[in-house]
Amino acid sequence: MIIPTLSDYEEVVGSDIIGELTTLASHVGKRSIKMVSSTAVGGGVAEMLHRIVPFFNEMGVQAKWDVIKGGDEFFEITKAFHNALQGKEEHFQQDVFKTYLDYNEMNNKELDLDEDLIVIHDPQPAALIHWNQNRKNKWVWRCHIDLSHPNAQVWGFLKPYVKKYDAAIFSSALFSPELPIPQYRFYPAIDPLDDKNRELDASYIDSVLAKYGIPRDKPIVTQISRYDPWKDPVGVIQAFKMARKYVDCRLVLVGDKAADDPEAEKILEKVRAEAGDDPDIHILLFSPSIATEINAFQRASDIVLQKSLREGFALTVSEALWKGRPVIGGAVGGIPAQIIDGYTGLLVHSVDGAGMAIRSLLSNPDFAKELGENGHRRVKDEFLITRNLKQYLLLLLALDRPSEHTIFLN
Ligand code: UDP
């Protein structure tokens, strides 16, 4: 793939937006930024950083991205923290917190964290701040997960670290907790020109479906997500089975395993058990996945589902809407920001609701098409990577003028 440069985006978003970014970057000047996250592959955070970091460099803002190290022991703990912060009830022994801190301390020794702005993504590296309290630079904690119902023990442990940051960024005002530091709201974003989202030839789409043995004899309903309980793949199969009693269709589940997720195998077993030997249900495991193939599956789908139970944002929703697909999404996390119910997609609260929504859209193709078209426009206005770049540039400038309030950097 030829890596697009900023000017290639003019055709998609217009020259005024690109001009605005260039002007902002010139004000940011020689400031440097470093992103720190826990995996380079799998999941939405890695997806976004792979694009954003090169763009900063193109605009003259020095940007780097470091990935922390951790063994199975660490990632099992951080996955359990992730689940707990999204609301799972679990009680942790004290040694778990000590192990988490030991890995953060070890990473702190290995990382250079001297850039003007350090953006720490998600809970895994959040405690790095502890060893950097006499810093001269600014540190921001970027939370991508749904913090609307956090487990009190884990949030009680993490919050004192978060409070030490200069600011925090959340994907929705719905999860914004009480904190004594400024908070920013950033929506995540997709890149319209990368392999995941660019236009594809119909013949390539056909070849991908043929490669994975998916016949195109009936409408295809797809969910593309990590095999994770919060993405509710089992609920997707149940909803599909309900809808199929009325409208013939095929279900394709596409998922990969994030390198920092030891739980995926267990979920897959449950998914396979729920699917049984149903010939209309296709369970694909990509590890890691090829972006153009994901793109092809989204484009080949008559309906894209994202039936999450908790969700930071769900890039998959914007990806599918960008392709003009009708999307059915769980009414959680950042999904309602993308899906305006009945206008840019359908929001659901249950398996039954998802089953009814599939049935309704497959029975009303004109309505489904209209939702997809409206969705495309919404993504263009709100959720493209150029908007996210602008927010980070504004953040670099805003940190010179701290405020105690929640700030929407549009
Ligand atoms: N994805 C992928 N392969 C898969 C499943 C997901 O490439 O098998 C991508 C998906 O297209 C999206 C990202 O991984 O770009 C997932 O981001 P999202 O915000 O939807 O969920 P997260 O995994 O971060 O919870």
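The values are calculated or read from the model by the stated rules, or taken from the named source; none is laboratory data. Just so it is clear, the structure is predicted and the values come from calculations on it, not from any experiment. Here the Cβ is made from the backbone with ideal geometry for all residues, glycine too, and neighbour counts use every protein chain on show.
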Enumeration of residues in segment 147-165 that are part of a helix (DSSP H, G or I) and either at positive phi or touching a residue at least 60 places away in the same chain (Cβ under 8 Å) (or both): Gln153, Val154, Trp155, Phe157, Leu158
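Only one of Ser176, Ser203 is in contact (Cβ under 8 Å) with a residue 24 or more places away in the chain and among the polar types (S, T, N, Q); which?
So the residue among Ser176, Ser203 that is in contact (Cβ under 8 Å) with a residue 24 or more places away in the chain and among the polar types (S, T, N, Q) is Ser176.
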Taking the stated definitions as given, is Gly43 at pLDDT below 95, of a type in the set (Gly, Ala, Ser) and within 16 Å of the ligand (Cβ to nearest atom)? yes
Tell me, which residue of segment 242-252 that is in contact (Cβ under 8 Å) with a residue 40 or more places away in the chain and in a helix (DSSP H, G or I) is surrounded by the most Cβ atoms within 10 Å (Cβ to Cβ)? Ala243
Flag for Leu389 being surrounded by fewer than 19 Cβ atoms within 10 Å (Cβ to Cβ), at pLDDT below 95 and part of a helix (DSSP H, G or I): no
Subset of segment 313-337, residues among the hydrophobic types (A, V, I, L, M, F, W, C) and more than 10 Å from the ligand (Cβ to nearest atom), comes to Leu321, Trp322, Val327, Ile328, Ala331, Val332, Ala337
Of all the residues that make up segment 53-74, how many are within 16 Å of the ligand (Cβ to nearest atom) and over 15 Å from Ile118 (Cβ atoms)? 0
Subset of segment 269-310 that is closer than 16 Å to Ile205 by Cα and out of contact with any strand residue (DSSP E or B) (no Cβ under 7 Å at 6 or more places or on another chain) - its residue that is surrounded by the fewest Cβ atoms within 10 Å (Cβ to Cβ): Ile290
Of everything in segment 153-180, what is within 16 Å of the ligand (Cβ to nearest atom), out of contact with any strand residue (DSSP E or B) (no Cβ under 6 Å at 6 or more places or on another chain) and closer than 22 Å to Leu397 by Cα? Give them in sequence order. Ser171, Ser172
Name every residue in segment 88-132 that is closer than 22 Å to Asp228 by Cβ and small (Gly, Ala, Ser), in order of residue number. Ala126
Mind checking which residues of segment 286-312 are in a strand (DSSP E or B), over 30 Å from Ser176 (Cα atoms) and more than 8 Å from the ligand (Cβ to nearest atom)? Ile303
Only one of these conditions is not met by Pro150: (1) away from the ligand (no atom under 16 Å from the Cβ); (2) in contact with an Asp or Glu (Cβ under 6 Å, 6 or more places away or on another chain). Which number is it? (2)
Just to verify a result, which residue in segment 326-351, among those that are free of Cβ contacts under 8 Å to residues at least 24 places away in the same chain and under 19 Å from the mean Cα position of the chain (by Cα), is nearest to Tyr187 (Cα to Cα)? Pro336
Among the numbered criteria (1) modelled with pLDDT of 95 or more; (2) among the hydrophobic types (A, V, I, L, M, F, W, C); (3) within 11 Å of the ligand (Cβ to nearest atom), which one does Ala258 miss? (1)
Output the number of residues of segment 166-180 satisfying the condition of being within 19 Å of Leu117 (Cβ to Cβ) and not in a loop (DSSP other than H, G, I, E, B). 4
Checking Ala189 against (1) buried (at least 21 other Cβ atoms within 10 Å of the Cβ); (2) under 30 Å from Ala296 (Cα atoms); (3) touching a His at 6+ places or on another chain (Cβ under 9 Å), only one condition comes out false. Which one? (3)
Just one of the numbered conditions (1) in contact with a Leu (Cβ under 9 Å, 6 or more places away or on another chain); (2) without any contact (Cβ under 8 Å) to a residue 12 or more places away in the chain is not true of Lys34; which one? (2)
Say we look at segment 181-237 and pick out the residues that are assigned to a loop (DSSP other than H, G, I, E, B) and of a type in the set (Phe, Trp, Tyr); which of these is nearest to the ligand (Cβ to nearest atom)? Tyr227
How many residues does segment 352-386 contain that are in a helix (DSSP H, G or I), more than 30 Å from Lys245 (Cα to Cα) and of a type in the set (A, V, I, L, M)? 2
Complete set of residues in segment 318-334 that are farther than 18 Å from Gly355 by Cα and either outside any loop (DSSP other than H, G, I, E, B) or polar (S, T, N, Q) (or both): Ser318, Glu319, Ala320, Leu321, Trp322
